[in-house]
Amino acid sequence: MDTAQLTSDQLARKYEYDDGSVIAVDLGTAVPEPSIDVVDGTVIVVADDEHYEFDLPVERTDAHTFIKNGVLTIELEDNA
């Protein structure tokens with residue numbers, strides 16, 4: 001994940017678990033709900049004129065994304 005695109009108002013955290021990990025990014029609620037897509041190991045987020053891309057770790061094969069109250073959650077499962 002490249003957090004260089006995030007502003008000082010945005011917060012990103014990564015949580016590691018035995019069977020995978022979770023990345024949570026606070027995008028805020030100032031913009032309408034963004035569009036989220038996962039393409040070839042990259043999470044793409046588009047909201048109004050804002051555009052973010054997060055590269056997923058190579059060792060993760062399955063990504064589930066959702067957003068609630070301005071917080072983007074990316075759930076990643078281990079390959080094993």
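Residues of region 60-76 that are surrounded by 11 or more Cβ atoms within 10 Å (Cβ to Cβ) and not in a strand (DSSP E or B): Gly70 alone.
Each residue in region 42-54 was checked for being closer than 18 Å to Glu75 by Cβ and either at pLDDT below 85 or among the aromatic types (Phe, Trp, Tyr) (or both), and 2 pass.
Looking only at residues in region 24-56 that are of a type outside the set (Val, Ile, Thr) and crowded, with 17+ Cβ neighbours inside 10 Å, which one is farthest from Asn69 (Cα to Cα)? Among residues in region 24-56 that are of a type outside the set (Val, Ile, Thr) and crowded, with 17+ Cβ neighbours inside 10 Å, the one farthest from Asn69 (Cα to Cα) is Leu56. Scanning region 32-59 for residues that are in a strand (DSSP E or B) and in contact with a Gly (Cβ under 7 Å, 6 or more places away or on another chain) gives a single hit, Asp55. The set of residues from region 10-27 being within 13 Å of the chain's Cα centre (by Cα) and modelled with pLDDT of 80 or more comprises Leu11, Ala12, Arg13, Lys14, Tyr15, Ser21, Val22, Ile23, Ala24, Val25, Asp26, Leu27.
The values are calculated or read from the model by the stated rules, or taken from the named source; none is laboratory data. Remember, it's a predicted structure, so these values are computed and weren't measured experimentally. Counting neighbours? That spans all protein chains shown, and the Cβs are built from the backbone with ideal geometry, glycine included.
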